[in-house]
Amino acid sequence: DALPIWLRVREAAGVGMAAPQGEADELFDVKNSFYIGSYQACINEAQRVKPSSPEKEVERDVFLYRAYLAQRKYGVVLDDIKPSSSPELQAVRMFAEYLSSESRRDAILADLDKKMAKSVDVSNNTFLLMAASIYFHDHNTDAAMRTLHQGESLECLAMIVQVLLKLDRLDLARKELKKMQEQDEDATLTQLATAWVNLAVGGEKLQDAYYIFQEMADKYTSTLLLLNGQAACYMAQNKWEDAEGVLQEALEKDSSHPETLINFVVLTQHMGKAPEVTNRYLSQLKDAHRNHQFVKEYLAKENEFDRLVLQYAPSA
């Protein structure tokens, strides 16, 4: 079941603001790098670019700090964003606090619920995305959807598509994708969302999804997000050797990337590899990503199995 696994690759940072149509966006490279998962390139470009207005400066910083979040460098975000920073950046800080501290998550959620109960500034796109990302991490998809439906940006729509795919509501995801295509068919986010939907549709649409990931890798750069997308396409087509090659490339970029390791677990089982090969990837996951949702669910199943075994153990 490669699709839901691969979709988790986007959860770390929330989904990727679009410039009005026909207008060149001075932050295009910053945003685009973020959307395709090239987080270090996003950081480098954000530090190089000189925004033309205070508003653009805030927008640049939002992507800069979200890229740090995607790299799990929560301390940078928490140190840099001060109480005097803009509301947009405060929203990024809120997500950083949530991700960095398991013990404070309930308090952060309670505080977020209070904010959502009041009138929310729906023009603060970043707040909507960060709030929805927190709810999504907390498995509260209803709250995530309610939050995202208050925004009209391409990013909010892209995240709605992801949530709906996670819920196996392909019918509704297609409707949201249509809205994205009407807003900006050529935008990177729209292209990515098209690939996600095509993956879910399956069949001959899998090749279309593969071409989107491949074209982005050729046009910009190959990233873990794009490589895992390609691997998911291959696996859904039962092209296991091709998927293995793409995942090896991803592993060379980052040997402990959780989604790559998860896809390797799926791949090695389908290829009938020795159990110790699959276990190696599982061990890496458990060591480096104890709090990852896949690992939590896997450990819970392991414990449940052990409990059942004890029930049927012969009494001495």
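The values are calculated or read from the model by the stated rules, or taken from the named source; none is laboratory data. Here the structure is a predicted model, which means the values were calculated and not measured. No Cβ is skipped: glycine too gets one built from the backbone with ideal geometry, and neighbour counts run over all protein chains shown. For accessibility, only protein heavy atoms count, side chains too; no ligands or nucleic acids. Shrake-Rupley method; radii C 1.70, N 1.55, O 1.52, S 1.80 Å.
Table for the structure above
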{"read-out": "Extended-chain gain in nm, criterion 0.36 nm per residue less alpha-carbon gap, residue 71 and residue 140", "value": "22.5 nm"}
{"read-out": "Surface/4 estimate of mean projected area, convex hull on alpha-carbon atoms of the range 201-316, nm²", "value": "9.4 nm²"}
{"read-out": "Of all accessible heavy-atom area on the range 188-316, the percent that carbon and sulfur account for (1.4 Å)", "value": "49 percent"}
{"read-out": "Over 24 Å (Cα to Cα) - which of 166/219; 31/178; 273/301 fall in this group", "value": "166/219"}
{"read-out": "Rg followed by Dmax, in Å, when the range 134-255 is reduced to its Cα trace", "value": "14.9, 44"}
{"read-out": "Per residue accessible area in Å² of the chain, where ligands, DNA and RNA are left out and the probe is 1.4 Å", "value": "49 Å²"}
{"read-out": "Global form of the range 238-285, assessed from the alpha-carbon gyration tensor, a/c cut-off 1.5", "value": "oblate"}
{"read-out": "Protection proxy ranking, peptides 47-60, 238-251, 64-77, average beta carbon neighbours within 10 Å, highest first", "value": "64-77, 238-251, 47-60"}
